[in-house]
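Notes follow the structure.
We did not get these values from a lab; they are worked out from the coordinates using the rules stated. Computed from a prediction, not measured in an experiment: that's the story for all the values here. As a convention, Cβ positions derive from the backbone with ideal geometry for all residues, glycine included, and neighbour counts pool all protein chains shown.
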Amino acid sequence: EILRAEMLASGKPVPEKAAVYLPSNRYHIPAVLSSLQMKPSEIRWMEDLPETPKKTEIVLFLGCFAHTGPDKIFTAIDIFSKLNRDFIALGGGVSACCGAAYALVGDVEAADKAARKLLADIAAFQPQHAVFWCPSCLSRLLTIYASDFSRSIKYQHLSSFLAENMNQLNFIHKINKVVTVH
């Protein structure tokens with residue numbers, strides 16, 4: 001990331017192969033893969049923040065790469081619905097990003113701006129929980145922006161949140177197995 005930032009600062013362009021990871025790129029890989037698997041009318045998450053976000057108990061942030069498998073997003077949203085908790089799913093990509101994609105291509109300023117905007121967007125809902133689909137998003141924000149986190153919000157990964165709330169889900173067919181979320 002540091003070398004790419006130095007390349008940009010010296011006027012050298014970002015390699016075209018790396019640019020497809022930028023949410024602002026027309027050919028953003030997760031957006032392309034998502035559009036191949038579903039119609040825009042099937043979107044079940046918030047893409048843009050409303051002017052005045054309503055207070056919500058849980059913000060589920062999807063990140064970018066969850067969109068490469070929309071079926072998994074639908075499953076997560078269905079599970080949250082079964083919990084009977086007040087939540088919104090906030091999609092990642094152009095409108096909300098942890099900044100990792102911009103950092104990847106060396107655009108430190110855009111990465112910082114995106115991360116701070118994401119934290120502000122989450123806080124705008126005044127949630128008790130901010131649940132992240134992507135461990136990289138959560139790790140990046142916890143590592144670099146810990147001082148910007150709202151102290152009234154519990155930030156955690158989806159797997160931790162679900163593990164803490166398993167007893168609230170009534171499974172029809174119980175499977176007595178140990179599983180790993182990767």
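Starting from the Cα of LYS12, draw a straight line to each of the aspartates and glutamates and keep only those under 13 Å, dropping any in the same chain fewer than 8 residues away.
Those aspartates and glutamates meeting the cut-off are ASP107.
Once both axes come from the Cα atoms, what is the angle between helix 108-124 and the longest principal axis of the chain, in degrees from 0 to 90, rounded to 10?
The helix 108-124 is inclined about 30 degrees to the chain.
Quick one: dipole size for the stretch 42-119, taken about the Cα centre, charges +1 on Lys/Arg Cβ and -1 on Asp/Glu Cβ, in debye to the nearest 20.
240
Taking the chain as a Gaussian network, Cα atoms linked when under 10 Å apart, which of VAL108, VAL131, VAL59 shows the biggest mean-square fluctuation?
VAL108
Skipping prolines and chain starts, which residues have an amide H placed within reach, meaning under 5 Å, of the one on TYR155, given they are 5 or more residues away or on another chain?
Amide H to amide H, under 5 Å and 5 or more residues apart or across chains, TYR155 pairs with ALA130.
Which of the listed residues, LEU49, ALA100, SER136, is farthest toward the dipole's positive end in the chain, when Lys, Arg count +1 and Asp, Glu count -1 at the beta-carbon?
SER136
Select from ASN165, MET38, LEU22 the residue farthest towards the positive end of the dipole of the chain; place +1 on Cβ of Lys and Arg, -1 on Cβ of Asp and Glu, and compute about the Cα centre.
Of ASN165, MET38, LEU22, it is ASN165.
Give me, ordered by chain and number, the residues 5 or more places off MET46 or on other chains with an amide H under 5 Å from its own placed amide H.
Those lying under 5 Å, H to H, from MET46 are ALA89, LEU90, GLY91.
Just to be sure I understand, if you calculate Cα extents along the principal axes in Å for this structure, which of [x] 57, 37, 32; [y] 41, 37, 34; [z] 58, 38, 36 do you get?
Here the calculated entry is [z].
Enumerate the lysines that LYS154 could reach by cross-link, defined here as Cα to Cα under 17 Å, with residues fewer than 8 away along the same chain left out.
Once the sequence-local lysines are set aside, what remains near LYS154 is LYS55.
Tell me the angle of helix 70-82 to the major Cα principal axis of the chain, expressed in degrees between 0 and 90 and rounded to the nearest ten.
Taking Cα atoms only, the helix is inclined about 40 degrees.
For the stretch 117-157, state which trypsin sites (Lys or Arg not before Pro) are in a DSSP loop and have at most 13 other beta carbons lying within 10 Å of their beta carbon.
Sparse-neighbourhood loop trypsin sites (Lys or Arg not before Pro): ARG151.
From a point 7 Å beyond the Cα of ILE144 in the direction of its Cβ, which residues of the stretch 77-104 have a backbone N at a distance under 12 Å?
97-104
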